[in-house]
1. Can you give me the ranges of the helices (runs of 4 or more DSSP H) entirely in the range 166-269 with at least 1 residues that are of a type in the set (A, V, I, L, M) and touching a Lys or Arg at 6+ places or on another chain (Cβ under 9 Å)?
2. Right, TYR207: of a type in the set (Ser, Thr, Tyr), free of Cβ contacts under 8 Å to residues at least 12 places away in the same chain and open to solvent by 10 Å² or more (accessible area, probe 1.4 Å) or not?
3. Just checking, does the range 163-179 include any residue being open to solvent by 60 Å² or more (accessible area, probe 1.4 Å) and modelled with pLDDT of 80 or more?
4. Could you tell me which of the residues ILE95, ILE25, ILE53, ILE82 is at pLDDT below 80 and either touching a Leu at 6+ places or on another chain (Cβ under 9 Å) or not in a loop (DSSP other than H, G, I, E, B) (or both)?
Amino acid sequence: MDSLMNNRILLAFLLTAFAGLSTGIGGLSAFIRGGERRGFLAGSLGFSAGVMIYISFVELFPQAGRLLAEGCGESAGAWITIAGFFGGMLLIGLIDFFVPSEMNPHVVSTGPEEAKLRDKLHLTRIGLLTSLAIAIHNFPEGAATFFATLTDPRIGFSIAVAVAIHNIPEGISVAVPVYHATGSRKKALAYAFLSGLAEPIGALAAYWLLRPYLSPAVMGVTFAAIAGIMVFVSLDQLIPNAKRYDEGHESVYGLVGGMLVMAISLELL
């Protein structure tokens, strides 16, 4: 029995690591020659925004509502879901507010050299905030994948594949702006991989520390907050900057494409 349990724990961890580190596949986009074009950057940012917005409203927010209705009752659960959603927005908004002023993209540059530097700092800031948002939302996803695998490996595998699919464009959203800001493919790939590490870390933390306290209500609040964080980052950072680097309609095509890919992948799985 102990051997079977240990094997299942190992399988759960490996599936969670696979799902999380799929951000690195997206990070490989930094090595694509087309990634040097502004239009590719615009399309990638739009695509990532589409993925984040779609999964937030179609998957995370409704799931949070169901979990909280189960744990707190239908009426209270609905209100807590709303509070969790806007609480997530407030959290990432505060993080954005306290970013050092020298990285604030709204500060007007005074010359061409300053403008070039400001542009690079601006892209670095996008990459860091997106990486942070992805890491935060990967943490509970890792816990969910891990515990699902412990319960039923078939369900855990399906969840891991679904998470891996939507982690790939999330890796793009981290790697591309970092690559454009630093010119370093290695840094772009490293940031993409690091953002995905939160998933296996979240799995281990949940198993060793949080297992006695996990409940539908706690997971519901977490999913609602994650949805708020992802929507805020999409509206505040990804979409405006996708338009900023647009050469035509790449940002809109990317946005719709991201939603379409996520819709199909979720339906198939």
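The values are calculated or read from the model by the stated rules, or taken from the named source; none is laboratory data. The model shown is predicted, which means the values in this text are computed figures rather than measured ones. Please note: Cβ atoms are built from the backbone with ideal geometry, for glycine as well, and neighbour counts cover all protein chains shown. Just so you know, the surface numbers come from the protein's heavy atoms only, side chains and all, with ligands and any DNA or RNA stripped out. Shrake-Rupley method; radii C 1.70, N 1.55, O 1.52, S 1.80 Å.
1. Numbers: elements: 185-196, 198-205, 216-233, 239-244, 250-268.
Hits in the range 166-269: 250-268.
2. Details: of a type in the set (Ser, Thr, Tyr): yes; free of Cβ contacts under 8 Å to residues at least 12 places away in the same chain: no; open to solvent by 10 Å² or more (accessible area, probe 1.4 Å): yes.
When the stated conditions are applied, TYR207 does not pass them.
3. no
4. Numbers: ILE25 fails: at pLDDT below 80; ILE53 fails: at pLDDT below 80; ILE82 fails: at pLDDT below 80.
Unique residue meeting the criteria: ILE95.
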